[in-house]
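Asks: Below you'll find the structure I mean.
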Amino acid sequence: MKILVTGGAGFIGSNFVHYIYRERPDWHITVIDNLTYAGNKANIEGLDPKRFDFIKADICDADAINKAVKNCDAVIHFAAESHNDNSLHSPWPFVNTNIIGTYQILEAVRNHGKRLHHISTDEVYGDLELDDPAKFTDRTPYNPSSPYSSTKAASDMLVRAWVRSFGVQATISNCSNNYGPYQHVEKFIPRQITEVLEGRKPKLYGNGENVRDWIHTEDHSSGVLAILEKGKIGETYLIGADGEKNNKEVVEMILENMGKDSSDYEHVNDRPGHDMRYAIDSSKLRSELGWSPKYTDFKQGLADTVTWYQENSGWWKPQKQATEDKYKEIGR
Ligand code: NAD
Ligand code: TDX
């Protein structure tokens, strides 16, 4: 099996590459990534060139994508602009990469008759009230809030249309908030850990009551592999690990883990249009494909993640100042 992983130098894509490299030793992995500010080749260093190669290219470049897709059996499409705050500040790269890029991938898999798995997010469903007993399922209507989530929703719609109109062999997964190693310091958990490591306070948007449904990125990888191998073409699977926590609880857990007073954080301006709560019902993936998460203890997973950032300051330090300068500009 020869797989092409788009966005494989980013957070979730690189964790997926390492997971497949370990779990499927007879597979060949090609990463295609144009190394935006969020991509880092160091995330996928040291892999055997007989089993791995890297192409630096933009997914919007039809020629580059066509060539790469022609040489593989299946495409796992992670590449995206992924940060909500950036999308509020500068939406164009989101429209370009998430919509036009996905269109180019779809045309290439259609031309060459290849299997596609499209990676999406729970944010396409909008948000839930804090006391809503419902969770998102694959039948929840789309209702995205931000330029990021609306461009991801658009990309999902393109995939569905290419399956129905052109018979493209594709599946989709919508996953909840990931955490783990190699996550960019712009994102919530790494930002707070590295703020504490730099001697500053964690920063909570608004009142900190917004809820996210956390999943360890390795559990996302195992879910994607299950869908790739056993999923039904045309189907959408939601991936989640019953990890609902509000942001204040997570910050308090990080502070406690790092030996600080759990109230030693500050409130900053809220994100415009800030989604209140996400929650995933992953029963379809569990019952139909036999998947279950391995990281069911969030406290332990978070402690491992804190340790990773403590031990890998050489990885995150070069990105930290520029990230905080950007936050300063937008007042968060
Ligand atoms: P990330 O921002 O860490 O990585 C994105 C990667 O894509 C980077 O390596 C970047 O260089 C590459 N990329 C961006 N634009 C590109 C382009 N035009 N051409 C080629 N490569 C390009 O993102 P992530 O958090 O790892 O997210 C990966 C995927 O998972 C995205 O599709 C995202 O929507 C989805 N997702 C993320 C989460 C989460 O919690 N982070 C949850 C659910 C779904
Ligand atoms: O400093 C912060 N303080 C804070 O309170 C930051 C960076 C975030 N937050 C809040 C906003 C959210 O409620 O924490 C929560 C998580 O924020 P992000 O890490 O920016 O993630 P979110 O907006 O929930 O989106 C993430 O999950 C779904 C990923 O970035 C998306 O790519 C994925 O689709």
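The values are calculated or read from the model by the stated rules, or taken from the named source; none is laboratory data. Here the structure is a predicted model, which means the values were calculated and not measured. So basically every Cβ, Gly included, is an ideal-geometry build from the backbone, and we count neighbours across all protein chains shown. With ligands, DNA and RNA removed, areas are computed over all heavy atoms of the protein, side chains included. Shrake-Rupley method; radii C 1.70, N 1.55, O 1.52, S 1.80 Å.
Asks: From the phi angles alone, apply the Karplus equation (6.51, -1.76, 1.60; θ = phi - 60°) to the range 319-332 and give each ³J(HN,Hα) in whole Hz, x where the residue is Gly or Pro.
Replies: 9, 5, 4, 4, 5, 5, 4, 5, 4, 4, 4, 9, x, 10
Asks: Per the 1.4 Å probe, what fraction of the accessible area of the range 199-311, in percent, lies on carbon and sulfur atoms? Kindly include the intermediate steps, with their values, before the conclusion.
Replies: Values: 1990 of 4870 Å².
Here carbon and sulfur together make up 41 percent of the probe-accessible area.
Asks: Additional query: Taking a temperature of 10 °C and a viscosity of 1.306 mPa s, what whole-number D in µm²/s does Stokes-Einstein yield for the range 127-266 with Rh from Kirkwood over alpha carbon pairs?
Replies: Translational diffusion coefficient: 92 µm²/s.
Asks: State which entries of K201/K248; K152/K201; K152/K284; K187/K317 exceed 24 angstrom in Cα-Cα distance in the structure shown.
Replies: Values: K201/K248 13 Å; K152/K201 32 Å; K152/K284 21 Å; K187/K317 14 Å.
Violating the 24 Å limit, Cα to Cα: K152/K201.
Asks: Taking only the alpha-carbon atoms of the chain, what semi-axes of the equivalent ellipsoid follow from 5 times the gyration tensor eigenvalues under a square root, in whole Å, largest first?
Replies: Semi-axes, largest first: 31, 22, 19 Å.
Asks: Pairing the Cα long axis of helix 11-23 with the longest principal axis of the chain, what angle in degrees results, from 0 to 90 and rounded to the nearest 10?
Replies: Taking the Cα atoms of the chain, the angle to 11-23 is about 60 degrees.
Asks: With each pseudo-label sitting 7 Å past Cα toward Cβ, what's the T137-K284 distance in nm, one decimal?
Replies: So the two model labels end up 0.9 nm from each other.
Asks: Accessible area of the range 20-123 with a 1.4 Å probe: how many percent of it is carbon plus sulfur?
Replies: On the way: 2210 of 4490 Å².
Answer for the range 20-123: carbon and sulfur cover 49 percent of the accessible area.
Asks: With axes computed from alpha carbons, what is the tilt in degrees of helix 247-257 against the longest principal axis of the chain, rounded to the nearest 10 within 0 to 90?
Replies: Approximately 70 degrees, to the nearest ten.
Asks: Per residue, how many Å² of accessible area does the range 200-332 show with a 1.4 Å probe?
Replies: Numbers: 6050 Å² over 133 residues.
Here the per-residue accessible area is 45 Å².
Asks: Per residue of the chain, what 222 nm ellipticity follows from adding -39500 (n - 2.57) for every DSSP H run with n ≥ 4, rounded to the nearest 500?
Replies: -12500 deg cm²/dmol
Asks: Given bins 10 angstrom wide, list per bin the percent of all Cα-Cα distances in the range 70-112, short to long.
Replies: Pair shares across the bins are 27, 44, 22, 8.
Asks: The range 35-101 to the range 128-192: how many Å between their Cα centroids?
Replies: Here the two parts' Cα centres lie 17 Å apart.
Asks: Can you put H274, H89, H220 in order of accessible area, largest first, using a 1.4 Å probe?
Replies: On the way: H274 30, H89 115, H220 5 Å².
If we order H274, H89, H220 from most to least accessible, we get H89, H274, H220.
Asks: Under 5 Å between amide H atoms, partner at least 5 residues away or on a different chain: which partners does Y205 have, H built in plane at 1.01 Å?
Replies: Result for Y205 returns V268.
Asks: Sticking with this structure for a sec: Report the convex hull volume per residue for the range 1-148, counting only C-alpha atoms, in Å³.
Replies: Numbers: hull volume 19.7 nm³, N = 148.
Taking only Cα atoms, the range 1-148 has a hull volume of 133 Å³ per residue.
Asks: Now a separate question. What distance in nm separates the simple spin-label points at Q321 and V95, each placed 7 Å from Cα in the Cβ direction?
Replies: Inter-label distance under the simple model: 3.4 nm.
Asks: Which whole-number percent is the relative contact order of the range 202-297 (Cα, under 8 Å, 6+ apart)? Please list the in-between numbers first.
Replies: Details: 132 pairs, mean separation 45.6, N = 96.
Contact order relative to length: 48 percent.
Asks: Counting pairs of alpha carbon atoms under 8 Å apart in space and at least six apart in sequence, what relative contact order in percent does the range 1-108 give? Mind dumping the intermediate values first?
Replies: On the way: 175 pairs, mean separation 34.7, N = 108.
Answer for the range 1-108 is 32 percent.
Asks: Right, another one. Tilt of helix 102-112 relative to the longest C-alpha principal axis of the chain, in degrees (0 to 90, nearest 10)?
Replies: Orientation of helix 102-112: about 30 degrees from the principal axis.
Asks: So for D261, D48, what's the accessible-area order with a 1.4 Å probe, most first? All intermediate terms of the calculation are to be shown ahead of the outcome.
Replies: Working: D261 95, D48 50 Å².
Most to least solvent-accessible, the answer reads D261, D48.
Asks: Could you provide, to the nearest whole Å², the per residue accessible area of the range 1-122 with probe 1.4 Å? Show your work: numbers first, answer last.
Replies: Working: 4870 Å² over 122 residues.
Accessible surface, normalised per residue, equals 40 Å².
Asks: Heavy-atom accessible area of S145 with all protein chains present, probe 1.4 Å, nearest 10 Å²?
Replies: Here the residue's solvent-accessible area equals roughly 70 Å².
Asks: Among DSSP beta bridges lying fully in the chain, give the percent that are antiparallel, nearest 5.
Replies: Working: 3 of 38 bridges.
The answer is about 10 percent antiparallel.
Asks: Still on this structure: Which lysines have a Cα lying under 19 Å from the Cα of K2, excluding residues fewer than 8 positions away in the same chain?
Replies: Within the straight-line limit of under 19 Å, K2 reaches these lysines: K50, K56, K67, K70, K114, K230.
Asks: What ranking of R164, R200, R212 comes out by heavy-atom accessible area, probe 1.4 Å, highest first? Mind showing how you got there, number by number?
Replies: Values: R164 210, R200 100, R212 15 Å².
So, going from the largest accessible area down, we get R164, R200, R212.
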